[in-house]
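Before any comments, here is the structure.
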Amino acid sequence: KINLLALFIALVGAYLLFPAYFENPIFPIQPSEHLWMSLDPSWVSALNYVNLKNVIWGKEFAFTYGPLSYLSTRVGWGQNRVAFLLFDLFYFLNFFILFFTSFIKSKNKILTGVLILTIAIILPVYFGASNSFILLAFLLYWIRSSLDNNLVVNYIFQISILVLLFFIKLNTGLVCFILYTVALFYKTAIKKDNRILLFIYFIAPFVLIYMFSFSLNVSVGEYVKSGISIIGGFNEIMYLPGELLYKKLAAILIVLSSSLILLYKIYLFKNENIFKHIVVLFLYGSSIFILYKQAFVRADDSHILEFFNFALLLLFCIYDFHTLKFDKILTIPVILIMIVCVYFVNELKPDFIQLDNKFKKANYVDGFEKFTKISGVKLFPNSNQLPQRVISKVGLSTIDSYPWNTQILLENKLNFYPRPVFQSYTAYTKELEELNFNYYNSIKAPKYVLYDYGSVDDRYPLFDEPRMNLILEQNYKCVDTFTINKRLNLLLERKSEKKVKLTKIKEYAMYIDAPLIPKEGIFYEVYLYNSVKGKLVSLFEHSPEVALEIQTEDGNKRKFKTSKSLLESGLFSTNFLSNTSDFFNKMERKEVSDAIKIKAYFFQPMHVSSFKEKIRVKEYKISN
């Protein structure tokens, strides 16, 4: 009877979490004067586009998503429907085994059953970017199972998940490799299982990644290097202000209370298998902390929702929380965690109960039957048509879009070929900006660039990518101007194949509160250094906040969000630019009034104690 009940519960739970539709179409960008509206649609469509162009991931294209990202975004453009089906069946199988085995072995079946039902209800219909957390949760379950037994199936699933994550979303994939390695180390050094077999398990994902990298056009070393750079830069600059105290306290309560349960278990079993329980605590603690950081660095509602959506799943996959017969007191915090998760999911997404969508799978079947490699491309017609003279002038020549609206090029059927870091807001570090700088300093540089002056999160647009803006100013000319969605755009054409050179001429130290007086024709790299306190803050929260203040000759002071890495990427210009017209005037070498002449740059940490008092400045002469 228990087996039949477990079978029923597992099938229903896995069925509810099976996708409600087969494909996510690409629609035209909705007309808007807000440039950020084009940001997400552009990166989603670009991921499939670069696959079609056979671009080399890591070397020619840098992003934390990888060549299998379409399995996460569910954009089918150019892909095979069998890949989607196999991926979905893999998910179904994992959910089914997770629910079935957990219920079978549970000595607290009511709690386990309620957790399964709650998870099936609160997880979203569309996983999207959250697919990485689902795969992380599956990996946790299989690693936890492998600590108790040596079944080969445990490692088959682990290796499959590691390879998938590496090519779907690198940042989560790298974390999972650490968890996998720690578990294997325990099995090798502490439990002393078959070391030859464990070594095979250890190298297997690396071998498979290397083998698949050829067919997926991945330069593994550069892919990892650029991915790590993006992860570090994200932590420094992508945070948002807001009233988050009670949400953050609730999340911290979940992290601490669940960790304390595992700590108490270590105390209870201190005379047996203590190292195994320490490993379990590390696996869970690391995973829930990564989920917390992901949510509360960006700290917008969608990211915070992810924490409360998936925290319960991570807890469930470590079956120590609900399948063992603890003192009843220890089940209370698990129930409270469940209640808190449901409460905040409801607050952040009041319509989260979508049983209608979860039960009906007709759209999935219909989508599978009608799927073609272009069935989801709904870009035409659209309301984002460039002037015909612009389209005629560009013709078949290569074109890029700055800062990030690349989908407008696709909607106008232009020959878009992306720069390595194809959206300016993600070029967080000097290393990432140099990828774009070197690309534009080569024969690969596009003939045309569609230019708009904008940024996100109150950053100074010119210094989102200072090297890119410098090379556009030096090597391109404006051949047309036009307005689209109430925004002035420039069509830039390459006028020179000469390389822009930055020749180091001086390096010196100065106090962090001292002004930097800019000189014409000089490019500056500014290096701030975190104190011990700043490094600790960066570990547990986002990096310490720092602002760039620009003081102009008219006495005005304008503050912009920046970061250590962005300042290291550089700054230049003796003129303050407010909009696209100002950038056009700078390109045309037109005279500027004293009102927008820059008097000095200032670097202002929100908390001075998070930084050392001295900074380092490197000056470079700009030349062709």
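The values are calculated or read from the model by the stated rules, or taken from the named source; none is laboratory data. Keep in mind it's a predicted model, so treat the numbers as computed, not measured. Every residue, glycine among them, receives a Cβ derived from its backbone with ideal geometry; neighbour counts consider all protein chains shown. Calculation scope for accessible area: heavy atoms of the full protein, side chains included, ligands and nucleic acids excluded. Shrake-Rupley method; radii C 1.70, N 1.55, O 1.52, S 1.80 Å.
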| task | Tell me, please, whether a residue that is closer than 21 Å to Gln423 by Cα and open to solvent by 20 Å² or more (accessible area, probe 1.4 Å) can be found in the stretch 494-501. | result | yes
Taking the criterion of being under 23 Å from the mean Cα position of the chain (by Cα), among the basic types (Lys, Arg) and surrounded by 15 or more Cβ atoms within 10 Å (Cβ to Cβ), would at least one residue in the stretch 233-252 satisfy it? yes
Every listed condition ((1) of a type in the set (A, V, I, L, M, F, W, C); (2) open to solvent by 10 Å² or more (accessible area, probe 1.4 Å); (3) more than 20 Å from Val50 (Cα to Cα)) holds for Val390 save (2)
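Criterion first (open to solvent by 60 Å² or more (accessible area, probe 1.4 Å), closer than 23 Å to Ala129 by Cα and assigned to a helix (DSSP H, G or I)) does Phe199 satisfy it?
The answer is no for Phe199.
With the condition kept exactly as written, say whether any residue in the stretch 105-116 is in contact with a helix residue (DSSP H, G or I) (Cβ under 9 Å, 6 or more places away or on another chain), within 28 Å of Leu198 (Cβ to Cβ), of a type in the set (S, T, N, Q) and not in a helix (DSSP H, G or I).
We begin by selecting, within the stretch 105-116, every residue in contact with a helix residue (DSSP H, G or I) (Cβ under 9 Å, 6 or more places away or on another chain); these are 105-106, 108-109, 111-116.
After this cut, where a residue has to be within 28 Å of Leu198 (Cβ to Cβ) as well, the list is 105.
Then drop every residue that is not of a type in the set (S, T, N, Q), which leaves none.
No: zero hits.
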Selection over the stretch 5-42 where residues are open to solvent by 40 Å² or more (accessible area, probe 1.4 Å), under 30 Å from Asn489 (Cα atoms), part of a loop (DSSP other than H, G, I, E, B) and not polar (S, T, N, Q) yields a count of 5
Expected single match for open to solvent by 50 Å² or more (accessible area, probe 1.4 Å), within 30 Å of Ile288 (Cα to Cα) and among the hydrophobic types (A, V, I, L, M, F, W, C) among Val532, Val546 is Val532
Log entry, pairs with first residue in the stretch 273-290 being touching a residue at least 40 places away in the same chain (Cβ under 8 Å) and over 21 Å from Ala311 (Cβ atoms), second being open to solvent by less than 60 Å² (accessible area, probe 1.4 Å) and assigned to a helix (DSSP H, G or I), beta carbons closer than 6 Å, six or more apart or on different chains, reads Lys276/Leu147
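From the list Lys444, Lys413, exactly one residue is modelled with pLDDT of 95 or more, surrounded by fewer than 24 Cβ atoms within 10 Å (Cβ to Cβ) and part of a loop (DSSP other than H, G, I, E, B). Which is it?
Numbers: Lys444 fails: modelled with pLDDT of 95 or more.
Only one candidate qualifies: Lys413.
Sort through Tyr223, Tyr210 and tell me the only one that's open to solvent by less than 70 Å² (accessible area, probe 1.4 Å), at pLDDT 95 or above, assigned to a helix (DSSP H, G or I) and not polar (S, T, N, Q). Steps first, answer last, please.
Numbers: Tyr210 fails: open to solvent by less than 70 Å² (accessible area, probe 1.4 Å).
The conditions single out Tyr223.
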Within the stretch 454-472, restricting to residues that are crowded, with 20+ Cβ neighbours inside 10 Å and charged (D, E, K, R), the one that is farthest from the chain's Cα centre (by Cα) is Arg467
Scanning the stretch 532-560 residue by residue, the ones that are of a type in the set (Lys, Arg) and assigned to a strand (DSSP E or B) total 3
